[in-house]
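Working notes, beginning with the structure itself.
The values are calculated or read from the model by the stated rules, or taken from the named source; none is laboratory data. Please read all numbers here as calculations on a predicted model, not as lab measurements. Glycine gets a Cβ as well: all are built from the backbone with ideal geometry, and neighbour counts include every protein chain shown.
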Amino acid sequence: MESDNNRNLYWDILRGIAMLLVVLGHASLAKESLLNRAIYAFHMPLFMIISGFFFQYSLQRHSFRENLSRKFFQLLLPVLVIGTLDFLFTAGHAGPVREMAAAYYAVLIRTLWFLQAVFLSCLAVLAVDRFIRSHTFQLLVYLALCAAFLFVPDFACSTGSKFMFPCFVAGLYLNRWGLDRKYKALPGRPLVAAALTAAFCVLLHFFSFRQTFYNATVYLFSGIDSPAILLYDDIFRVVIGLVGSFAVMTLVYELFSRLPQHGPVSAFLGLVGRNTLIFYCIHVYLNRWWLHVFQPACPAPWYYVLLYFAASTAACLLLTQGYKYLKTFLFPRKKH
């Protein structure tokens, strides 16, 4: 568990588990079922924490300009390419320029929303890191941004971004403060994992699908509901996302440290985890095609859920590996 390779394998396994939960969450489960509520309470916040954790390494290793360029090509370019292709295939017929531009914009903002949320979070952190040198003031600015987002009306992809940003900051400081290393040194690690899991279960009892970040489509003074109720929902969805994510992170670590690290399960989860970006992009569009063709009922029967999960995972893995081979064939790396 102490070597860099093992440490990377742990994060790959964690990403793999989160990615498979995304697939399972799209399997037309009953919205208010325990499994569905548990998945949607933390699976995307977990991805955001992992993204923030590794972005701290990027801040240390690369300049502002390099980070901006890397994140544009890594996160925003897939959104632009896939969104454009999606628009061309679904536009149907040409119309007035203004209507076509509005339709294109509407397609872009719903395309791979999570990548847009990560990109905007990276932009915010890059700006703070560039213009504020004091670590104390940086933390205060991040906390102020997390609070301010509650009052920002929704626009474009802001819903995913403003409720995912606290999780991104949590991951950033998880790395910056070395909390992952401090956890490994704790003598009572299993007790911490058990306490976090128990806390998540208690919170899950009071959590409904209405409170997921997918339904966070209003801000405090929208008039849809009282500001007190909306503020409660806003804070609660962030809290349960963080607690659930940290519970899973500690449980996976404890399990990972006790199981063979070169077995088939670790290899499979590691394979998915190393390719989450491509896997996610492929899955989003395979899922859209699947729903269009099969039009499953919601909630779907258990055999459909299993079939969907197995077929979608297998297809995404095959297409991911095919993409990697094609990329290697078209753009071979030069040997030094």
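Output the qualifying pairs, or none if there are none: Cβ atoms under 7 angstrom, residues six or more apart or on different chains, first residue in the stretch 130-152 and touching a residue at least 12 places away in the same chain (Cβ under 8 Å), second residue among the charged types (D, E, K, R) and assigned to a helix (DSSP H, G or I).
Between residues of the stretch 130-152 that are touching a residue at least 12 places away in the same chain (Cβ under 8 Å) and residues that are among the charged types (D, E, K, R) and assigned to a helix (DSSP H, G or I), the close pairs are 149/162; 150/234; 152/162.
Spot the failing condition for residue 15; the list is (1) among the basic types (Lys, Arg); (2) more than 12 Å from the chain's Cα centre (by Cα); (3) at pLDDT 90 or above, and only one is missed.
(2)
I'd like to verify a number: residues in the stretch 222-234 that are surrounded by fewer than 16 Cβ atoms within 10 Å (Cβ to Cβ) and in contact with a helix residue (DSSP H, G or I) (Cβ under 8 Å, 6 or more places away or on another chain), how many?
Looking only at that region, the number is 3.
Quick check on this structure: which one of 58, 51 is modelled with pLDDT of 90 or more, assigned to a helix (DSSP H, G or I) and over 14 Å from the mean Cα position of the chain (by Cα)?
58
Which ones in the stretch 37-63 are surrounded by 13 or more Cβ atoms within 10 Å (Cβ to Cβ) and either farther than 14 Å from residue 240 by Cβ or among the acidic types (Asp, Glu) (or both)?
47, 50, 51, 52, 53, 54, 55, 56, 58, 59, 62 - these are the residues of the stretch 37-63 that are surrounded by 13 or more Cβ atoms within 10 Å (Cβ to Cβ) and either farther than 14 Å from residue 240 by Cβ or among the acidic types (Asp, Glu) (or both).
The rows are residues; the columns are (1) of a type in the set (A, V, I, L, M); (2) in contact with a Leu (Cβ under 6 Å, 6 or more places away or on another chain).
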residue	(1), (2)
234	no, yes
237	no, no
241	no, no
244	no, no
255	yes, no
264	no, no
274	no, no
279	no, no
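Please go through the stretch 82-104 and give me each residue that is surrounded by 13 or more Cβ atoms within 10 Å (Cβ to Cβ) and assigned to a helix (DSSP H, G or I), ordered by number.
Across the stretch 82-104, the qualifying residues are 82, 83, 84, 85, 86, 87, 100, 103, 104.
Of all the residues that make up the stretch 286-303, how many are surrounded by 16 or more Cβ atoms within 10 Å (Cβ to Cβ) and part of a helix (DSSP H, G or I)?
3
Kindly list the number of the only condition in (1) without any contact (Cβ under 8 Å) to a residue 60 or more places away in the chain; (2) among the aromatic types (Phe, Trp, Tyr); (3) touching a Leu at 6+ places or on another chain (Cβ under 8 Å) that fails for residue 53.
Condition (1) is where residue 53 drops out.
I need the full set of residues from the stretch 185-196 which are in contact (Cβ under 8 Å) with a residue 60 or more places away in the chain and either exposed (fewer than 14 other Cβ atoms within 10 Å of the Cβ) or more than 26 Å from the chain's Cα centre (by Cα) (or both), in order please.
Matches in the stretch 185-196: 190 only.
Yes or no, residue by residue, for (1) among the aliphatic types (A, V, I, L, M); (2) touching a residue at least 40 places away in the same chain (Cβ under 8 Å); (3) not assigned by TED's automatic domain parsing to the domain that holds residue 163:
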{"position": "244", "(1), (2), (3)": "no, yes, no"}
{"position": "247", "(1), (2), (3)": "yes, yes, no"}
{"position": "250", "(1), (2), (3)": "no, yes, no"}
{"position": "275", "(1), (2), (3)": "no, yes, yes"}
{"position": "283", "(1), (2), (3)": "no, yes, yes"}
{"position": "286", "(1), (2), (3)": "yes, no, yes"}
